[in-house]
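Take this structure, written in structure tokens, and hold onto it; I'll ask about it next.
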Amino acid sequence: MIEVLYKIIQMILFPGFAFIGVLSLLYEWIDRKFYAKLQNRVGPLYAGPHGILQPLADFIKLLSKEDIIPEGADKFLFTLTPIFFFAVNLLLTLLLPICGTSGVISFTGDLIFFVALLTITSILVYTAGVASVNRFATIGAERAVLQFIGYEIPFMLSIVSVVISSGSLTIKNIVESQSNMWYILGPNLLAFAVYVIAVQAELERIPFDIPEAEQEIVAGWLVEYSGKKLALFRLGRDIETLLLCGLGATLFLGGPLGPVIPGLEIILHTLYFTIKSIIILLILTTLKAIFARIRVDQMLVFSWKYLIPLSLISVLIVRVVF
Amino acid sequence: MSFYIPIGPQHPVHPEPLLMKFKVEGEQVIDVEINVSYTHRGIEKGLEYRDYMKGIFLAERICGICNAAHTLCYVQNIEQLLNKEVPPRAKYLRLIVEELSRIHSHLLWLGLAAHQIGFETLFMYVWRDRERVLDLLEMITGNRVVTSYNTIGGVRRDITPEMEQKIRKGLDYLEKRTKYFKKVVMEEPTVLVRTQNVGILKPREAIELFAVGPVLRASSIKHDVRADDPYAAHDEVPFNVITYDTCDVYARILVRIDEVLECINMIRYSLDHLPSGKYRIRLPVVIKPPPGESVSRVEAPRGDLLHYVKSDGSDKPYRYKVRTPTLANIPSTARMLTSRGDYIVYIADIPIIFGSVDPCLCCTGRVMFVDVEKGKSWVWTYNELVKYSRERFERHD
Amino acid sequence: MPKPGLMIGEVYKNLLSKRATILYPFKERELVHLPEGFRGRIVFNRDKCIGCQMCFRVCPARAIEIIEDEKGKRPIFFMYRCIYCATCAEYCPVKAIELSTNFENIAFDKKTLLVK
């Protein structure tokens, strides 16, 4: 009984929903500030010291705006999609090993469960675009599906390389098998590069922010959402960023492992996890700053001509070495 | 299955309102219909109620960015009517400010083109470096964008030797940065893949559809008003007419960047050879030119600019007409935006194709009635327009 | 020869250099440099004015009105109609009108936009 209560407190407070909420807003602030500094300007500045409360201010402002449902839209799907998007992403953060070698929920084969639920978020993007019956949203949803065909296979294959190196499909075992050497310093470097590019496409950031291209189709599949639903989508997107950076840190950089002082284990593990996922976030932001946006057909050509062969080669390398 | 999507009148990519209705099938564009009448302001009518010296300031506000070209065209028109010559120092000073404003316009356009293909970093860098040109213009003329430098009979202020030093230092900085931007455009693969073989306008089509400016020069046709019909010291300052022959958006970007480098060389040459003497001849405040007509042409940053004036001997013009380069480029834009045969236009290409024409829509609006069945077209006079607006007001009261 | 990501050198150099933004108007007002020929708000010297009404005749925006006071005729300037073209300063024969470098000309009350 006490364990169930303890687990519930872990799920809600730390390292569960409240901690993830605060951390994802912090990641958005780091992304915006670093992106601004790369472009020689200041990012958020006035909300809180150095603008650190700006993502929270944006979220609260969106919650207070009017929520309009277009007349021809499918009300059921239109209302449910943001809630599911947010809920699925929040659920998956419980699997990340933040303050120990296993997350709040951990069972055999939970990596497959993780990746399977991630594909649901991509399908929800398509549903959101089609449910708001608007031409721009339909075009945005179409492009999202085309992009999904492009990045899903390299993403899976780069995870397969790590699975072959560690010999297990459970996140806890993958973390524990990196206690001697992190995977990125071995034959998994190519898989790491492919993973980073595939994550950039999944999070819909430049050079792959094709479904939401502001200049061409005015916010794409998000165009009809406003008020609380838009707030949920944006927070869900932030949590997805934290999720994928955290997964990258777990699979390639050793997760929460590092030199520990007995007694302070929880704090140090959390700190290592946060620092490693911030490193991956900074790599993603640099990629955002140095490229232009490509077209959707060029994205498919790039993915099928370069990314998939590279990911297959990385699987072969790992299979041969191990 | 095809449907229509409207781009505009309000859209994040357009700085000015216009309506383009596209017929699309999936991601391919099949047809386009352009409507540019949203910013009609009645400036030609306004110029008929102002005398010549005050009309300079209204003509300047036809377009915010090409204001040096519009004032230059206007004062050249009036000087042709009055048959007066400006002193040689004034001609060189007019050239310096005109070329600085051309550098400003092309750098602003380069930033917007980078924004339209999604390259935010290049946009921020180009607009940061454009501040140097604005500082130079502010030092010479007193204001950053709306310069009010030309007047009938010469220019209003002089350049001192300290200003010359600062202009030269600014030009060195701009040359270094422009060469870096040229390198980025020519070598970054995401930019190349978005701009090459996109928005093709063949040379024959460019001549048939009367394209002007960098759009024409990027289709390998050598035409520039400064070389063909020189004005204001352009016959004494040497320069090259830049053409490229790939006829796509990539060529238009390179034409404009190379023109910036040419402008920098022209300004350096004219600073080296600046003649001394007066910079303005004094004319009376109220000018009454003899009755007659006059036409003057100037190479604005976007192409050929044409002004026509007819005077009847009084202190206000009888009729003033302005034909801006963007109006002449609209049929070419419509041709570039339709797919035909092997050449396919995607929705993702629309902003960059439309932006490569460098539209400045504030000068473009015209109103004309066309009766398609009877095959005739006419325009309304001022009294008819006033009568119509009063009737509509009473009907909707 | 295409080189992907060639802006990365410049972009990382800018991480270490100072920002290009000026935090005007709350903090860094003194960093806004204006040259001396800048056309800002009109400053009028009553003692030099001789009442010739030249400024009234040349103003393109009809922003000047002539009133009488104890020394004779003199102009008043409406800054909300002014287009800052400096024609009045150019044509004044005694140079009683000058344009300063004050560009912050917005107000809640129209009376602050009147130069007497």
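What follows is calculated from the coordinates using simple rules that are stated; it is not laboratory data. Remember, predicted model here, so these are calculated numbers, not experimental data. Every residue, glycine as well, gets a Cβ built from its backbone with ideal geometry; the counts of neighbours run over all protein chains shown.
Along the Cα→Cβ direction, 7 angstrom out, place labels at B:Met1 and C:Met1. What is the inter-label distance in nm?
With each label point 7 Å from Cα toward Cβ, the separation is 4.9 nm.
Relative contact order for segment C:34-115 using alpha-carbon pairs under 8 Å, separation at least 6, rounded to a whole percent?
Reported as a whole number, the value is 41 percent.
Given N residues in the protein assembly as shown, what is Rg(Cα) / (2.2 N^0.38 Å)?
1.12
Further, regarding this structure: Could you please tell me the mean projected area of the C-alpha convex hull for segment A:130-225, averaged over all directions and given in square nanometres to one decimal?
Working: hull surface 30.0 nm².
Dividing the Cα hull surface by four gives the mean projection, 7.5 nm².
Among the lysines, which have Cα under 23 Å from the Cα of B:Lys166 when same-chain residues fewer than 8 positions away are ignored?
B:Lys91, B:Lys176, B:Lys179, B:Lys278, C:Lys18
Now for a different question. Can you bin segment A:164-322 into rounded, prolate or oblate? Criterion: square roots of the alpha carbon gyration tensor eigenvalues sorted a ≥ b ≥ c, rounded for a/c under 1.5, prolate for a/b above b/c, oblate for the rest.
oblate
Another question, then. With contacts defined as alpha carbon pairs under 8 Å and 6 or more residues apart, what's the relative contact order of chain A in percent?
Working: 472 pairs, mean separation 83.4, N = 322.
The value is 26 percent.
Among C:Leu23, C:Leu99, C:Leu15, determine the one that fluctuates most according to a GNM of chain C built with springs between C-alpha atoms less than 10 Å apart.
Greatest mean-square fluctuation among the candidates belongs to C:Leu15.
Please tell me the relative contact order of chain B in percent, rounded to the nearest whole number, where contacts are Cα pairs under 8 Å and at least six residues apart.
Taking the mean separation of contacting Cα pairs over the length of chain B, I get 24 percent.
If you take the square roots of the eigenvalues of the alpha-carbon gyration tensor of chain B and sort them as a ≥ b ≥ c, do you get rounded (a/c under 1.5), prolate (a/b over b/c) or oblate? Working shown, then result.
Values: a/c = 1.93, a/b = 1.11, b/c = 1.74.
Taking the square roots of the gyration eigenvalues as a ≥ b ≥ c, chain B is oblate.
Looking at chain B as a GNM with Cα springs under 10 Å, which of B:Pro359, B:Pro12, B:Pro289 has the largest mean-square fluctuation?
Answer for the Gaussian network model of chain B: B:Pro12.
Only helices at least 18 Å long along their own axis, judged from Cα atoms, and with Kyte-Doolittle mean hydropathy of 1.0 or greater: name those in chain A from DSSP H.
A:75-92, A:110-131, A:135-166, A:189-202, A:265-290, A:308-321
Next question, about the same structure. Grab segment A:72-321 and count how many Lys pairs have their alpha-carbon atoms under 30 Å apart, sequence gap of 8 or more, or different chains.
7
Which order do the peptides B:180-190, A:222-232, A:202-212 take when ranked by the mean count of other beta-carbon atoms within 10 Å per residue, highest first?
Going from most to least packed, we get A:202-212, A:222-232, B:180-190.
Of A:Lys33/C:Lys27; B:Lys54/B:Lys321; B:Lys54/C:Lys71; A:Lys61/C:Lys13; B:Lys288/B:Lys387, which sit over 24 Å apart, Cα to Cα?
The pairs that break the limit, which is 24 Å between Cα atoms, are B:Lys54/C:Lys71; A:Lys61/C:Lys13; B:Lys288/B:Lys387.
With only alpha-carbon pairs counted, each pair once and no self-pairs, how large is the Kirkwood hydrodynamic radius of chain A in angstroms?
Answer for chain A: a Kirkwood hydrodynamic radius of 20.5 Å.
For segment C:34-115, report the translational diffusion coefficient in µm²/s to the nearest whole number, using Stokes-Einstein at 37 °C, 0.692 mPa s, and a Kirkwood Rh over Cα pairs.
Value of D from the Cα-based Kirkwood radius: 251 µm²/s.
Could you sort the peptides B:63-72, A:38-47, A:246-255 by per-residue average Cβ neighbour count (10 Å cutoff), highest mean leading?
Details: B:63-72: 24.2, A:38-47: 17.3, A:246-255: 26.0.
By packing density, highest mean first, the sequence is A:246-255, B:63-72, A:38-47.
Tell me which residues come under 5 Å, amide H to amide H, from A:Val42 once H is placed; ignore anything under 5 positions away on its chain.
Close amide H contacts, sequence-distant or interchain: C:Thr21.
Compute a Gaussian network model of chain B, connecting alpha carbons closer than 10 Å, and tell me which residue from B:Asn383, B:Asn265, B:Asn77 fluctuates the most.
B:Asn383
Shape call for segment A:226-295 from the C-alpha gyration tensor, a ≥ b ≥ c root eigenvalues: rounded (a/c under 1.5), prolate (a/b greater than b/c) or oblate?
Details: a/c = 3.45, a/b = 1.62, b/c = 2.13.
Oblate, since a/c reaches 1.5 and b/c is not below a/b.
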